[in-house]
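> Sending over a structure as structure tokens; questions will come in a sec.
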Amino acid sequence: MTKKPFLWGGALAAHQFEGGWNEGGKGPSVVDVMTAGAHGVARQITQEIEADKFYPNQTAIDFYHHYKEDIKLFAELGLKCLRTSIAWTRIFPKGDELEPNEEGLRFYDNVFDELIANGIEPVITLSHFEMPLHIARHYGGFRNRKTVEFFERFAVACFERYKNKVKYWMTFNEINNQMDTSNPIFFWTNSGVQVQPGENPQEVLYQVGHYELLASAKAVIAGKKINPNFEIGCMISHVPIYPYSCNPEDMMASEIAMHQRFFFPDVHVRGYYPSYALKEFEREGYKLDITDEDLAILKQGTVDYIGFSYYMSTVVKADAKNDHRDNIVNGALPNAVENPYIKSSDWGWPIDPEGLRYTLNRLYDRYQLPLFIVENGFGAIDELENGNKVHDKPRIEYLGAHIKAMLKAIDYDGVDVIGYTAWGIIDVVSFTTGEMKKRYGVIYVDRDNEGNGTMKRYKKDSFDWYKQVIDSNGANLK
Ligand code: BG6
């Protein structure tokens, strides 16, 4: 292991666990109008909040009223850090106000103080799949250059307020997952955008992506002025795309498909558009609003580290036609095929620990920046047995194998890794499906898909296991 203290932690996102969607002056966010779906059943985005519909994120697991109890459990678990996000709508309920909402700011003061008092460092994502609904409906989200200004104001309010409490920041969660233009919820949650009939989703993507990259760079520049010791990173979803075989055509197909994975981090890290993207804009005749001044800001506002999620890998075959577009990860890849060497979870997510070592090497070779694994985890059905036990061996196996692969990348390959935060350390609402039954936590929450349950928290077997992994600094994975 590295000599630096390693940030072992858990990861969460405001909209998936906080609840309290209309408390403390909070306004509705784009996620508050998303209904629940299921594996293979898309979540619906309603125009406004409809009284007869169930919106699982509005209450989630009610951390808003349980934060002291939950942080106590996180401390018992031995977490060194907690990665979470700030709900934009607690700070700017509509998004276009000039002054922040004091009650919202105070809520995060309380949470961060409680974490710090328990020896847990807050690691903060500014926007994890949410923005004020008002910005999305009235300004068109990140279709509109004005939203760059709104985001910058939000970022500055957070940086100013928490400058002595938070060191590690990330601007946008999984900014690149909207490259999968086949699933409308990605555009909606990343950018507050719904693609209209007749529009070319790819062209829309590059325009909204540019405004988001610009907003991120502006936030980095502003943040460094507020506290030069801040470490401000990007956050990408990294699903490596393997070639199906050593056929040079498969190899090239995977290389080209990987541009989808690298496009956003290339700009975040290098501060300019990669040549393959400029060629695509030219070839396709995309008319994008990108000014010289924007380009100078991108150059200046590059990130300090790369935060990324890793759950799975995927495969492309040059002559394949994608016939399983229900798999979200393959949705944007027309030539994706199953990997015959690995198994998948009940939600069809391929399980590939070796792919994490591969990813760490690939990202480190390309960017030479510290890496932070800010999400990795196993979504599965857990049963509460005898009223208080959850035996979640598959989760222990999944996490153990991935941590082992990470340690190999650090100790053997020399990759610089800041930390590892297991996704959904306490059960939360699933992002893609809106279900509660797709559980990731080492802490079980008694709540079901329909919103029934006591909300009581129970430690799973993985709780004790992860605790001793942290206590032994990764030496004891048994
Ligand atoms: C990542 C997101 O895509 O994966 C999280 O950053 C999300 O918000 C996680 O919850 C797991 O996805 P899901 O759909 O299983 O909850």
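The values are calculated or read from the model by the stated rules, or taken from the named source; none is laboratory data. Predicted model only: the values in this text are computed from it and were never measured. Cβ atoms come from the backbone with ideal geometry, glycine included; neighbour counts cover every protein chain shown. With ligands, DNA and RNA removed, areas are computed over all heavy atoms of the protein, side chains included. Shrake-Rupley method; radii C 1.70, N 1.55, O 1.52, S 1.80 Å.
> If you build the Cα gyration tensor of the chain and take the root of 5 times each eigenvalue, what three semi-axes come out, in whole angstrom, biggest first?
Working from the Cα gyration tensor, I get semi-axes of 30, 28, 23 Å.
> Setting aside same-chain residues fewer than 8 positions from Lys53, which aspartates and glutamates have a Cα under 18 Å from its Cα?
Here the aspartates and glutamates satisfying the reach criterion relative to Lys53 are Asp32, Glu435, Asp448, Glu450.
> When the Kirkwood radius is taken over all Cα pairs of segment 340-413, what Stokes-Einstein diffusion coefficient follows at 37 °C and 0.692 mPa s, in µm²/s? Could the numbers behind the result be given before it?
Details: Rh = 14.1 Å.
Translational D for this selection: 233 µm²/s.
> Can I ask one more? Apply the Karplus curve 6.51 cos²θ - 1.76 cosθ + 1.60, θ = phi - 60°, to the phi angles in segment 42-56 and return the couplings in whole Hz, x for Gly and Pro.
Ordered by residue, 3J(HN,Hα) equals 5, 6, 9, 10, 8, 4, 10, 7, 9, 4, 8, 10, 9, 10, x Hz.
> Another question, then. Rank Phe129, Asn118, Pro93 by how far each Cα sits towards the positive end of the charge dipole of segment 56-142 (+1 on Lys, Arg Cβ; -1 on Asp, Glu Cβ) and give me just the farthest.
Farthest along the dipole direction, towards plus: Phe129.
> So what are the ³J(HN,Hα) numbers for segment 379-386, from phi and the Karplus equation (6.51, -1.76, 1.60; θ = phi - 60°), rounded to whole Hz, Gly and Pro as x?
Karplus-based 3J(HN,Hα) across segment 379-386 equals x, 8, 7, 10, 10, 7, 9, 6 Hz.
> Using a simple charge model, +1 on the beta-carbon of Lys and Arg, -1 on the beta-carbon of Asp and Glu, nothing else, what dipole does segment 7-471 show about its Cα centre, in debye to the nearest 20?
580 debye
> Related question: Counting only C-alpha contacts under 8 Å and six or more residues apart, can you give the relative contact order of the chain as a whole percent?
For the chain, the relative contact order is 17 percent.
> How much accessible area per residue does the chain have, counting only protein heavy atoms and a probe of 1.4 Å, in square angstrom?
That works out to 39 Å² for each residue.
> What is the count of Lys pairs in segment 394-478 whose alpha carbons sit under 22 Å apart, if the two are 8 or more places apart or on different chains?
16
> Considering only protein heavy atoms and a 1.4 Å probe, what is the carbon-and-sulfur percentage of the accessible area of the chain? It would help to have the intermediate numbers written out before the result.
Numbers: 9220 of 18510 Å².
Carbon and sulfur together cover 50 percent of it.
> I would also like to ask the following. Tally Lys and Arg at +1 and Asp and Glu at -1 over the other residues with C-beta under 15 Å from the C-beta of Glu249: what net charge comes out? All intermediate terms of the calculation are to be shown ahead of the outcome.
On the way: positive: Lys317, Lys321; negative: Asp250, Glu255, Asp319.
Counting the neighbours of Glu249, the net charge comes to -1.
> Is it possible to state the helix-based mean residue ellipticity at 222 nm for the chain, with each DSSP H run of 4+ residues giving -39500 (n - 2.57), the sum divided by total residues, to the nearest 500 deg cm²/dmol? What is it?
Rounded to the nearest 500, it is -12000 deg cm²/dmol.
> Right, here's the next one. For segment 1-86, what relative contact order do you get, as a whole percent, if you take Cα pairs closer than 8 Å and at least 6 residues apart?
Computed value for segment 1-86: 46 percent relative contact order.
> Something else now. Placing unit charges on C-beta atoms (Lys and Arg positive, Asp and Glu negative, everything else neutral), compute the dipole magnitude of segment 58-102 about its Cα centre in debye, rounded to 20. Provide the component values of the computation, followed by the final result.
Numbers: 6 positive and 8 negative charges, 52 e Å.
Using only the charged Cβ atoms, the result is roughly 260 debye.
> Mind listing the long-range amide H neighbours of Thr125? Cut-off is under 5 Å, sequence gap 5 or more, other chains count too, H placed in the peptide plane at 1.01 Å from N.
Amide H to amide H, under 5 Å and 5 or more residues apart or across chains, Thr125 pairs with Thr84, Ser85, Ile86, Met170.
> For Ile351, list long-range residues whose amide hydrogen, built 1.01 Å from N in the peptide plane, is under 5 Å from its own amide hydrogen.
Here Lys343, Ser344, Ser345 satisfy the definition.
> Counting only the heavy atoms of the protein chains, how much of Met34 is accessible to a 1.4 Å probe, in Å² to the nearest 10?
0 Å²
> For Gly434, what residues show an amide H to amide H distance below 5 Å, using hydrogens built from the backbone and excluding near sequence neighbours?
Gly37
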